[in-house]
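Engineer: Please read through the structure below; I'll follow up with questions.
Every number here is computed from the coordinates shown, using simple stated rules; none is lab data. None of the values given here were measured: they were computed from a predicted structure. With ideal geometry, Cβ positions are generated from the backbone for all residues, glycine too; neighbour counts draw on all protein chains shown.
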Amino acid sequence: MSDVIVVGGGVIGLSTAWELASHGAAVTVIDQSTIGREASWAGAGMLPPGKLSGETSGEGRLRALSCELWPEWTQSLCSTTGIDNGYHNCGAIEVSFDRSLNSEAGIWTATGNSVEFLTSERLRHVEPEISATIKEAYRLDEFCQVRNPRHLKALATACINAGVEFREGMPVYGWRMSGDRVTHVRTTGDDFSAGQFVICSGAWSRQLSIAAGGEVNVEPMRGQIVLLRCPSLPFRHVIQDGPRYLVPRADGRILIGSTEERAGFVKQNTVDGVQSLLQFAVRLVPALASAEIERTWSGLRPYSGREEPFITRLPGRENLFVAAGHFRSGLQMSPGTAVLVRQMLQGHEPSIPMPPYSLVGSESEQAELTDNKLLTAQRQQQQ
Ligand SMILES: Cc1cc2nc3c(=O)[nH]c(=O)nc-3n(C[C@H](O)[C@H](O)[C@H](O)COP(=O)(O)OP(=O)(O)OC[C@H]3O[C@@H](n4cnc5c(N)ncnc54)[C@H](O)[C@@H]3O)c2cc1C
């Protein structure tokens, strides 16, 4: 019998399994299809910076905790598997054709990150191929990227080396319970028992939580990507304009991302989606008009409707936990999430405060809830 069953082998499930197995747990990962082929494979691998000393929000702290862990995880994965995940510091430039970037840049500065505002001349000097019609731009020096498919391969190999068992092609559809405890996961094959269970099923997590009598509000939000190939890279920073971006890879490829679409569980590329991404790319870097289109794909982000993912125990379920809903940030937040899940399951003090990741929600939502509870208690006393 496993100590822990992790349901879902994306970046969150694999990171969690590796972290737990590295700390002595016997872990099984069950996936409905092939390990590491959903959103975690589809993502662009951008890793924005963060400083634990400066962050006060739940989202910021988890990003900052993960930023601290990325270099050591990369090194440790490489030394145990021989796989280089391509993690490196490339820097990013946020640009705008029309909006002011002052307040956004101010937040990065206030949370302790290095920000350089770029005048038109400086932008031309740093990235000469970016459109001359850009109104404002700033640079984040500490922005990194990872080749996520390679990272997933490294994680899966490290898991196997650490004794993690994989069961693929096995959809989990429910739970066997004894009182408040889950005893088994129910799959379309056998049922499997364990001491503890973690739902890391990305965009599919809601259904599994409902089957356990809870509700983790996660829905799929499709994102499309176009992959270009260039004989030589016209720029070296990640370039972002709000939710759209260009990510240069060392091998001459460039990712154009991404759309945000409520399309259920349908993964496909659409004419609209691809056309708007290509227009965005050529407007930003006109030289890309002559690049080759290598392929397109899409993935289903787990959207939680708030800044923070859910990393918590399911109410009324002693040994059932969830780590899901990372939306656009699951790759960047994966090492921190795995460490928090391990600390939660093993009863250790968490590295950062956990309330923002509860089902109730962010600190402000909780404060509101506490206020409401206080009001209700006061009214009851008055009656
Ligand atoms: C286009 C795009 C670009 C992105 N870019 C970035 C980026 O640059 N940086 C970043 O940090 N994040 C990015 N993201 C977001 C990131 O990819 C996700 O937040 C992250 O991959 C979520 O990981 P996950 O493990 O929770 O989900 P997934 O990778 O989707 O994994 C969930 C797994 O659970 C399995 N599963 C589901 N249901 C069941 C079941 N019932 N039984 C068994 N198994 C089940 C699935 O088969 C799957 O393998 C991007 C996402 C997309 C789509």
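Engineer: Relative contact order (percent) for the chain, with alpha-carbon contacts under 8 angstrom and 6 or more residues of separation?
Structural biologist: Relative contact order for the chain comes out at 22 percent.
Engineer: I would also like to ask the following. Using only the Cα atoms of segment 8-94, what are the Rg and Dmax in Å?
Structural biologist: Computed over the Cα atoms of segment 8-94, radius of gyration and Dmax are 14.6, 44 Å.
Engineer: Something else: How far apart, in nm, are the 7 Å Cα→Cβ label points at ALA250 and GLN279?
Structural biologist: Label-label distance for ALA250 and GLN279, simple model: 3.6 nm.
Engineer: Counting Lys and Arg as +1 and Asp and Glu as -1, each charge on the Cβ, what is the dipole of the chain about the Cα centre in debye, to the nearest 20?
Structural biologist: Around 540 debye, computed over the chain.
Engineer: Once you have the Kirkwood Rh of segment 91-148 from its Cα pairs, apply Stokes-Einstein at 10 °C and 1.306 mPa s and quote D in µm²/s.
Structural biologist: Working: Rh = 12.1 Å.
Rounded, D is 132 µm²/s.
Engineer: Computed FRET efficiency, Cβ-Cβ of THR133 and MET1, R0 56 Å: what is it to the nearest 0.05?
Structural biologist: Given R0 = 56 Å and the Cβ-Cβ separation, E is 0.35.
Engineer: Using θ = phi - 60° and the Karplus curve 6.51 cos²θ - 1.76 cosθ + 1.60, what whole-Hz ³J(HN,Hα) does each residue of segment 209-219 get, with Gly and Pro shown as x?
Structural biologist: 6, 5, 5, 9, x, x, 8, 9, 7, 10, 10
Engineer: Pull up the DSSP beta bridges for the chain and report the antiparallel fraction as a percent, rounded to 5. Could you put the intermediate results ahead of the total?
Structural biologist: Working: 48 of 67 bridges.
That works out to approximately 70 percent antiparallel.
Engineer: Could you tell me how many cubic angstrom of Cα convex hull volume segment 62-198 has per residue?
Structural biologist: Working: hull volume 28.2 nm³, N = 137.
Normalising the Cα hull of segment 62-198 by residue number yields 206 Å³.
Engineer: Hey, another quick one. What distance in nm separates the two pseudo spin-label positions at ASP190 and SER76, each 7 Å out from Cα along the beta-carbon direction?
Structural biologist: Taking the simple label geometry, ASP190 and SER76 are separated by 3.0 nm.
Engineer: Which order do peptides 27-37, 209-219, 113-123 fall in by mean Cβ count within 10 Å, highest first?
Structural biologist: Put in order of decreasing packing, that is 27-37, 209-219, 113-123.
Engineer: Measure out, as a whole number of angstrom, how far apart the alpha-carbon centroids of segment 129-155 and segment 306-344 sit.
Structural biologist: One Cα centre to the other: 25 Å.
Engineer: Over the Cα atoms of the chain, what Rg and Dmax result, in angstrom?
Structural biologist: 21.7, 77
Engineer: Give the average over all directions of the projected area of the C-alpha convex hull of segment 212-277, one decimal, in nm².
Structural biologist: Details: hull surface 26.2 nm².
Orientation-averaged projected area of the Cα hull: 6.5 nm².
Engineer: Quick one: Karplus J couplings for segment 301-308, per residue in order, coefficients 6.51, -1.76, 1.60, θ = phi - 60°, nearest Hz, x for Gly and Pro?
Structural biologist: So the J values, rounded to whole Hz, are 6, x, 8, 9, x, 8, 6, 9.
Engineer: Of ILE5, PRO149, LEU65, whose Cα points farthest to the positive end of the dipole of segment 1-152 (charges on the beta-carbon: +1 Lys, Arg; -1 Asp, Glu; origin at the Cα centre)?
Structural biologist: Checking the options against the dipole of segment 1-152, the answer is PRO149.
Engineer: If you don't mind, there's one more thing I want to ask. What does the highest-first list of 289-297, 188-196, 252-260 look like by mean Cβ count within 10 Å?
Structural biologist: 252-260, 188-196, 289-297
Engineer: Something else about it: Using the Cα centre as the reference, give the magnitude of the dipole from point charges on the C-beta atoms of segment 23-150 (Lys, Arg: +1; Asp, Glu: -1; all else neutral), rounded to the nearest 20 debye.
Structural biologist: The calculated dipole for segment 23-150 is roughly 120 debye.
Engineer: What number results when the radius of gyration of segment 125-222, computed over Cα atoms, is divided by 2.2 N^0.38 Å? Don't skip to the answer; put the middle values down first.
Structural biologist: Values: Rg = 21.5 Å, N = 98, 2.2 N^0.38 = 12.6 Å.
In units of the globular-protein estimate, segment 125-222 measures up at 1.71.
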